[in-house]
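Undergrad: Dumping the structure here so I can ask a few things about it.
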Amino acid sequence: MKTNVKYHPDHLGSNSFVTDNSGRAIQELRYMPYGEILSNKRSTGSNYNTPYKFSAKEKDAETGFNYFGARYYVDYMYVWLSVDPMSDKYPHQSPYMYCSGNPVMKIDPNGMEDGEFRNWRGNYLGNDGKIDNNVFIVGDKSSIKTIKANEKKGATTQASDVKVDVSTNKTVLIEALSVYNRTVNNGGLDEETSAFDTDGYVYRTTGTGGKAQMGIASGDVSIHSHPLGETTTSYLGVPNVPGPDDVDVFKGFNLNIIVGDFAPYGYDFGRPPQREQRESGLSFYGRDISKIKTPIGSMSFKEMRKILKK
């Protein structure tokens with residue numbers, strides 16, 4: 001019988017646990033800072049060994065190298081096997097260096113990643129020429145025009161020169177998707193949270209009986225889910241409508257994200273729609289929503305995945 005497995009990533013996207021159909025852990029992985037495997041434990045009777053390990057990239061069984069798409073990475077030597085194709089933009093560092101020497105805080109999804117400008121559909125606009133994993137979401141038409149013009153000329157754009165709606169990074173977006181998946185896995189009625197402190201450490205909590213308390217009172221980014229279904233004691237939550245407690249929680253963080261399922265047009269709270277009728281996604285908020293409770297913007301996970309692919 002075929003075994004369906006689920007991957008449970010850490011804050012960098014590296015697979016830490018693998019579970020089977022029943023939720024039983026069949027593999028546990030731990031890593032050194034630069035991705036070398038510290039321990040690889042498998043449950044008794046299981047011979048499953050995931051090929052997707054550090055940064056969720058495939059580890060070649062023959063060579064032991066990690067394939068990132070543009071380049072191969074050697075985790076036990078902390079280097080890429082080939083030169084960064086954009087190394088001329090970074091003369092201050094080695095063209096073989098991984099994540100600018102900061103693997104605990106940064107990821108490099110394909111071996112040649114700059115800070116990217118994206119629109120609210122997740123489409124690529126241009127970059128800032130800095131390998132820092134940042135994502136800048138832009139909706140202003142004039143700014144989009146400027147970024148595209150620079151990209152066409154082969155030039156970069158600085159975030160300070162255009163109007164940016166949301167400034168975040170791919171680690172945060174991966175964690176937002178993880179919060180949603182954790183909510184699905186717990187049945188959809190208990191909230192899940194993740195909070196990044198100012199050093200990039202992630203605190204995760206799970207709600208009991210619905211709501212969950214944020215792991216820290218203040219920090220850089222807060223992420224939490226809204227219920228994916230209704231009961232007699234809980235309402236159907238949507239990411240683009242903050243809850244009554246969110247006003248105070250959001251004050252402690254620079255950026256706040258709610259994940260969940262958007263309600264279809266004409267939704268009747270007395271007759272909740274099936275989940276397959278709804279689109280999952282996330283909404284972004286600033287610190288102060290005491291007066292204006294609408295999000296800075298929203299996007300579906302389908303659109304967000306475009307950002308994570310490139």
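Undergrad: Need one word for segment 169-229: rounded, prolate or oblate. Basis is the Cα gyration tensor (sqrt eigenvalues a ≥ b ≥ c); a/c below 1.5 gives rounded, then a/b vs b/c decides. Before the final figure, lay out each step's value.
TA: On the way: a/c = 2.83, a/b = 1.55, b/c = 1.83.
Judged from the Cα gyration tensor, segment 169-229 comes out oblate (a/c at least 1.5, b/c at or above a/b).
Undergrad: Now for a different question. Let me know the shape class of the chain, please: from the alpha-carbon gyration tensor, a ≥ b ≥ c as square roots of the eigenvalues, rounded when a/c is under 1.5, otherwise prolate if a/b is greater than b/c, or oblate.
TA: Oblate, since a/c reaches 1.5 and b/c is not below a/b.
Undergrad: Tell me which DSSP H helices of the chain clear both cut-offs, 20 Å or more of axial length from alpha-carbon atoms and a mean Kyte-Doolittle hydropathy of at least -1.0.
TA: Membrane-span-like by this rule: 170-185.
Undergrad: Rg(Cα) of segment 114-164 divided by 2.2 N^0.38 Å? It would help to have the intermediate numbers written out before the result.
TA: On the way: Rg = 9.4 Å, N = 51, 2.2 N^0.38 = 9.8 Å.
Relative to the 2.2 N^0.38 Å estimate, segment 114-164 comes out at 0.96.
Undergrad: Expressed in nm², what is the orientationally averaged projection area of the convex hull enclosing the Cα positions of segment 1-111?
TA: Numbers: hull surface 30.3 nm².
Computed as one quarter of the Cα hull surface, the answer is 7.6 nm².
Undergrad: In which sequence would 120, 80 go, from the one with the fewest C-beta neighbours within 10 Å to the one with the most? Write down the numbers at each step before the final one.
TA: Working: 120 16, 80 23.
Fewest to most other Cβ atoms nearby, the residues stand as 120, 80.
Undergrad: To continue, here is another question. On full extension of the chain, what length is gained from residue 17 through residue 197, given 0.36 nm per residue of separation minus the C-alpha to C-alpha distance?
TA: Values: separation 180, 0.36 × 180 = 64.80 nm, distance 2.33 nm.
Gain on extension, residue 17 to residue 197, equals 62.5 nm.
Undergrad: Using a basic spin-label model with each label point 7 Å from the Cα along Cα→Cβ, how many nm lie between residue 292 and residue 248?
TA: Each label point lies 7 Å from its Cα, and together they span 2.5 nm.
Undergrad: OK, next. Checking the a/c ratio against 1.5 first, then a/b against b/c, what shape does the Cα gyration tensor give for segment 170-309?
TA: Working: a/c = 1.45, a/b = 1.33, b/c = 1.09.
Rounded.
Undergrad: Each label point is 7 Å from the Cα along the Cα-to-Cβ direction; what then is the distance between the points at residue 155 and residue 218, in nm?
TA: Roughly 4.0 nm, to one decimal.
Undergrad: Could you pull out every one of the lysines with an alpha carbon less than 25 Å from that of residue 302, ignoring same-chain neighbours closer than 8 positions?
TA: Excluding near neighbours in sequence, the set is 6, 53, 57, 106, 141, 145, 148, 163, 170, 293, 310.
Where a number appears in this text, it was derived from the coordinates with a stated rule and is not lab data. Note that this is a predicted model, so its numbers are computed, not measured. Glycine also receives a Cβ, built like all others from the backbone with ideal geometry; neighbour counts cover every protein chain displayed.
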